[in-house]
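This report concerns only the one structure given below.
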Amino acid sequence: MLLFDRYQYDPQEELLGKGGFARVYKALDKKFDRLVALKIFKDVEIAERYQLKSEIKRAITFDHPNICRYFDIHDLEVENSLGEKVYSQVCIMEYMNSGNLLQYYEKVKNCQILNKLLIDALCGISYLHKKKIIHRDIKPANILIKQTDEGIVAKIIDFGISKKTDSEASSSSSAILGSVSYMAPEQFLPKQYGINGKVSLNIDLWAFGVMLFEILSGRPLFGKPGNQMTTEEIMGKIITPELPKDIEKLEEPYREIISKCLIKNAGLRVQKADELIDMLNRQVNLSYPTVTDKTVGNPSLSAMEETMIFETGNGALKISEKFVENEETVFYGDEIISEEKDKTPESIDALSDSNVKESTENELEKGKTSYLPGIFTGIVIIGIIIFFIVKNISPSAKELEVKRIFDSIRIADSLAMVQAEQQRIADSIAQLQH
């Protein structure tokens, strides 16, 4: 089928989704040879009631990487049930090729990917809020995912019921717009829960919190109409003073984010999407610190001893260690896990005499000093030395060299035993003094 002599689609094979108001199809824009989405509104009265044409024309001007692009809107002549010719709207949108946020997360089950997509969504919300626009229908179905050459990205769609905060839609008379399961309490009781008796920008953040719970748990927080629940029952749950206990079972930072979003009094609720972005950014950066391409040398150390700088959400995390050649280091979180071939860990700051003394005193006080591991390590190293010596010296010298090495081992063992006995006596004296 060819629509407006430009958009080619198959109504039977290329249906992307449908709802109460519209159906969405994948189509080929023959003019620019690109895939687009056609949103065809079924109900002419709905289109007129929500002034879709003016809202979409406004949305076309939006320019943000986390806002789905709207290219155009056309009038479509159709017949109503009485055989009368009426006009509905067809919205031409950017084609999103990877489903919605909930569907995508159910496939990947990766919290780091989820965090990235949540930040995308919040950036889109922040962009709208800075333009004083309330979306009013934030939910998984309205956060779509697109696979691009640069990676995945989440974008907000569906501005059919978005309104500017200074419009009549912020008043109590027109507060009830959106999907009931994601509505904030002030949309039902603006005088009790709203800011100055009105809904505000942060009804979108309430909806974000409800959406996040659903993504993580796999079920809607307050239920959905039709699943043995009525709209009135869902509204009752939303305005109930206590939130569901299931929120407390979530891991951080999600529990804190949802708790900040789902404060019933809109004046006490989180006010800006940027606050939630900061929380998620800290989590992302702390989980995956990035190693910069700069190292800071120290003149008191050898050329191979350097301070690595790790950037985290809290700024630069400085980790100082002495590295030697041929060391393999694996980075995980804020920790360094090393597969040591030959390494002597030593904090640069601990090189001062006072720090060394303090460290030694603490070790002795806690009774943590142990000589046996050093002895065993020494034996292994000496064994390797013996192997190479035996391999490279003459038979007459082998016996003398081996004898000298084992004499050294016996002396080392004797010294270690003396030191261990001295430590035992010192510990006993310390216990008697206490």
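The values are calculated or read from the model by the stated rules, or taken from the named source; none is laboratory data. Quick caveat, the model's predicted, so the values are computed rather than measured. Because the Cβ atoms are built from the backbone with ideal geometry, glycine has one as well, and the counts that use them run over all protein chains shown.
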Problem - Those strands (runs of 3 or more DSSP E) lying entirely in the range 15-108 with at least 2 residues buried (at least 16 other Cβ atoms within 10 Å of the Cβ) and at pLDDT 85 or above - result: 22-29, 34-41, 70-79, 85-94
Exercise for the section: For the range 66-82, indicate whether the set of residues that are over 23 Å from ILE134 (Cα atoms) and either assigned by TED's automatic domain parsing to the domain that holds LEU212 or touching a Leu at 6+ places or on another chain (Cβ under 7 Å) (or both) is non-empty. Expected result: no
Exercise for the section: Could you list all residues from the range 19-37 that are closer than 17 Å to ASN142 by Cα and in contact with a strand residue (DSSP E or B) (Cβ under 7 Å, 6 or more places away or on another chain)? Expected result: PHE21, ALA22, ARG23, VAL24, TYR25, LYS26, VAL36, ALA37
Practice task
Among the residues of the range 241-295, write down those that are of a type in the set (S, T, N, Q) and modelled with pLDDT of 95 or more.
Solution key: SER259, ASN265, GLN271
Practice task
Output yes when any residue across the range 204-224 is charged (D, E, K, R) and closer than 14 Å to ASP137 by Cα, and no when none is.
Solution key: yes
Exercise for the section: Determine, yes or no, whether ILE247 is assigned to a helix (DSSP H, G or I) and over 18 Å from GLY178 (Cα atoms). Expected result: yes
Exercise for the section: Might you let me know whether the range 171-184 holds any residue that is assigned to a helix (DSSP H, G or I), at pLDDT below 90, under 25 Å from ALA141 (Cβ atoms) and not acidic (Asp, Glu)? Expected result: yes
Fill in the blank from the handout: Contact list, first residue from the range 238-254 and of a type in the set (Asp, Glu), second anywhere and at pLDDT below 90, beta-carbon distance below 9 Å, six or more apart or interchain, is GLU252/GLN283
Problem - Selection count, the range 259-268, where residues are over 21 Å from the mean Cα position of the chain (by Cα) and either farther than 14 Å from GLN187 by Cα or touching a residue at least 12 places away in the same chain (Cβ under 8 Å) (or both) - result: 5
Practice task
Filter the range 254-281 for residues that are in a loop (DSSP other than H, G, I, E, B) and surrounded by 16 or more Cβ atoms within 10 Å (Cβ to Cβ) and give the result.
Solution key: LEU262, ILE263, LYS264, ALA266, ARG269, VAL270, GLN271, LYS272
Handout entry: Among (1) touching a Leu at 6+ places or on another chain (Cβ under 8 Å); (2) closer than 22 Å to PRO11 by Cβ; (3) touching a residue at least 24 places away in the same chain (Cβ under 8 Å), the one test that ASN115 misses
Key = (2)
